[in-house]
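What follows is a single structure, written as structure tokens, with notes after it.
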Amino acid sequence: MSPPHTRKIKEIEFALGAESFQCQVQTWNIANNTEDGEKLYSQCPDGEVREEAEPDYALEVTFYADWRSDGISDWLTAHDGETVAFTLDHHPDIALEHVQWTGSLKVRAPNVGGEARTTEMTEVTLPCVGKPVYARVGA
């Protein structure tokens, strides 16, 4: 049995369309919200079948808000409702652990506001179109 392997999340590469935004990301999560599918039954001995569910993924991201003309908050608002390509590289600086997700997602404008005298954050859940493609980079 091998000992546990741990790693801190330190660096990603993240692009929406042709724009890179990794320096604005505080937290990220690719959420698999796909349900199990429905069991269907018929009146025969082998009458149980599972109807598979459609993939349901989303990218949940918390950004440091940036309302400059090239900032993430402005970009999300300007592209609200559009479907764009995304790429997220996890551990791009570690050759044997570099993995990547690519796909398309639907852009949503962020909520705006917050508590006085706190760092302004942008939290957004971007629904993926289908299942993102997972790949090992350089493997």
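Derivation of every value follows stated rules applied to the coordinates shown; laboratory data play no part. Everything numeric in this text was worked out from a predicted model, so none of it was measured. Note: ideal-geometry Cβ built from the backbone for every residue, glycine included; neighbour counts use all protein chains shown.
Hey, rough spin-label estimate for residue 74 and residue 25, points 7 angstrom out along Cα→Cβ, what's it come to in nanometres?
Label at residue 74, label at residue 25, 2.2 nm between them.
Rank 61, 77, 45 by how far each Cα sits towards the positive end of the charge dipole of region 35-93 (+1 on Lys, Arg Cβ; -1 on Asp, Glu Cβ) and give me just the farthest.
Checked the options; the winner is 77.
How large is the dipole of the chain about the Cα centre if only Lys and Arg carry +1 and Asp and Glu carry -1, each at its Cβ, rounded to the nearest 20 debye?
Magnitude of the dipole: close to 420 debye.
Quick one: Karplus J couplings for region 36-45, per residue in order, coefficients 6.51, -1.76, 1.60, θ = phi - 60°, nearest Hz, x for Gly and Pro?
6, x, 9, 7, 10, 10, 10, 8, 10, x
Need one number: the % of Cα-Cα pairs in the chain sitting beyond the 18 Å mark.
Tail of the P(r) past 18 Å holds 64 percent of the pairs.
Just grab the label-to-label distance for residue 40 and residue 137, each label 7 Å out from Cα along the Cβ direction, in nm (one decimal).
Here the modelled spin labels are 4.2 nm apart.
Enumerate by residue number the chymotrypsin sites (Phe, Trp or Tyr not before Pro) in region 1-106 meeting two conditions: DSSP loop (anything except H, G, I, E, B), and at most 13 other Cβ atoms within 10 Å of the site's Cβ. Spell out each step's value before the answer.
Details: sites: 14, 21, 28, 41, 57, 63, 64, 67, 75, 86, 101; in loops: 21, 67.
Answer by residue number: 67.
Taking the alpha-carbon distance from residue 10 and a cut-off under 17 Å, which aspartates and glutamates remain once sequence neighbours fewer than 8 residues away in the same chain are dropped?
Residue 10 reaches 89, 93, 97.
Take peptides 78-85, 4-11, 118-125 and line them up by average Cβ neighbours within 10 Å, highest first, as a rough protection proxy.
The most tightly packed comes first, giving 118-125, 78-85, 4-11.
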